[in-house]
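K.L.:
Attaching a single structure in structure tokens format; questions to follow.
The values are calculated or read from the model by the stated rules, or taken from the named source; none is laboratory data. In this text, all values refer to a predicted model and were calculated from it rather than measured experimentally. With ideal geometry, Cβ positions are generated from the backbone for all residues, glycine too; neighbour counts draw on all protein chains shown.
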Amino acid sequence: MSIDGFLVVDKSPGMTSHDVVAIARRALGTKKVGHAGTLDPMATGVLVLGFGIGTRLLQYITDGDKSYTATVVLGQSTVTDDAEGEVLTSASADQLQAISDDMINVELAKMKGVIQQRPSSVSAVKVDGQRAHARVRAGEDVQLPAREVTISQLHIGEIRRTATTIEIDIEVTCSAGTFIRAIARDCGSALGVGGHLSALRRTRVASFGLAPSVTIDQLKSGEFEGLSIAEVAALTFPIRNISEDEVLELSFGRTLTLSDSAAITAAMAHGQLIALLSNKESHAKPIAVFAAAS
């Protein structure tokens, strides 16, 4: 297997994203492994890993939109905004009975589009150089400022009612930086009964879904195949096929003529990723060079 590439892992519950990276480092025999977007320990699903030179492409995948399935629980708020945290408040049976399905639909509908969302206090967001979750665990009261996110899809599935809670299955497509836990928290807060997330599964990161993906057991046993950086580039950027002369120019860090696309373009030759190009003024400038002329 190449020392440079990508893996799409289906993360199991009960482990951190860093745990998965550590397993991948052992399986791949390299320390140079990173991931495209953290998943909470409770969460499962798509975790894109880059290794070797592939780590240089991770930032572009991390910035892509993401899709999730989740279960919102109304009736309890927790310190972590999910089922793993200490319960802060609990609603009465009368309060829950007063909430109709229409009320739930209205509140969740308000979260579609471009909104201001306050990240969960127990998150990986840094505050003065330290992760917010570390500050909370140290006893600090952390309230992170709201920031702009985009929720392009929020589909409501089954709504189930128990004696003490209301459970709502949702499907979400959103921009990078969106907290699904915050959707549950804010819906419960708006309805006056508190809310948290009880289940979360990420089904897509940018162009990478669950099919095909590698399980943790397969990762541990070495029974997996990765994606090349050229395959990932083709899934992530518009392709510009370049000549041998242009490959030589890029190997010296020189610019090329403007690309047809204004976005970042992957310069390819003979199926190999040569560079990423970005149109700057009157030229296509290399912003990352991966292969030189042979």
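K.L.:
It is to be established whether one or more residues within segment 48-65 are farther than 22 Å from L273 by Cβ, surrounded by 20 or more Cβ atoms within 10 Å (Cβ to Cβ) and in contact (Cβ under 8 Å) with a residue 24 or more places away in the chain.
P.N.:
Taking every residue of segment 48-65 in turn, none turns out to be farther than 22 Å from L273 by Cβ, surrounded by 20 or more Cβ atoms within 10 Å (Cβ to Cβ) and in contact (Cβ under 8 Å) with a residue 24 or more places away in the chain.
K.L.:
Follow-up. Take segment 75-116 and flag every residue that is loosely packed, with under 15 Cβ neighbours inside 10 Å and either closer than 21 Å to A43 by Cα or in contact with a helix residue (DSSP H, G or I) (Cβ under 7 Å, 6 or more places away or on another chain) (or both).
P.N.:
Selection gives E86, V87.
K.L.:
Filter segment 25-47 for residues that are buried (at least 20 other Cβ atoms within 10 Å of the Cβ) and either among the β-branched types (V, I, T) or in contact with a Phe, Trp or Tyr (Cβ under 7 Å, 6 or more places away or on another chain) (or both) and give the result.
P.N.:
L28, V33, T44, V46
Residue-wise test of (1) under 22 Å from the mean Cα position of the chain (by Cα); (2) more than 24 Å from A176 (Cβ to Cβ); (3) part of a loop (DSSP other than H, G, I, E, B).
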residue: V193; (1), (2), (3): no, yes, yes
residue: R201; (1), (2), (3): yes, no, no
residue: E223; (1), (2), (3): no, yes, yes
residue: R240; (1), (2), (3): no, yes, no
residue: E246; (1), (2), (3): no, yes, no
residue: L250; (1), (2), (3): no, yes, no
residue: G253; (1), (2), (3): no, yes, yes
residue: L258; (1), (2), (3): no, yes, yes
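K.L.:
Just give me the residues in segment 252-276 being touching a strand residue (DSSP E or B) at 6+ places or on another chain (Cβ under 7 Å) and among the polar types (S, T, N, Q), in sequence order.
P.N.:
T255, T257, S259, T265
K.L.:
Does M42 satisfy being modelled with pLDDT under 95 and closer than 30 Å to Q143 by Cβ?
P.N.:
Considered against the rule, which asks whether it is modelled with pLDDT under 95 and closer than 30 Å to Q143 by Cβ, M42 comes out as yes.
K.L.:
Could we say that T80 is in the same structural domain as V172 (by TED's automatic domain parsing), closer than 25 Å to G14 by Cβ and of a type in the set (S, T, Y) here?
P.N.:
Yes: the conditions hold for T80.
K.L.:
Output the residues belonging to segment 166-223 that are among the charged types (D, E, K, R) and under 26 Å from L58 (Cβ atoms).
P.N.:
E171, R181, R201, R202, R204, D217, K220, E223
K.L.:
Looking at segment 86-99, I want the residues that are over 14 Å from V73 (Cβ atoms) and have a partner that is modelled with pLDDT under 95 and loosely packed, with under 11 Cβ neighbours inside 10 Å with Cβ atoms under 7 Å, at least 6 apart or on another chain. Which pairs are those?
P.N.:
Hits for this filter: A93/A163.
K.L.:
Might you check whether a residue that is free of Cβ contacts under 8 Å to residues at least 12 places away in the same chain and not assigned by TED's automatic domain parsing to the domain that holds E86 occurs anywhere in segment 258-269?
P.N.:
no
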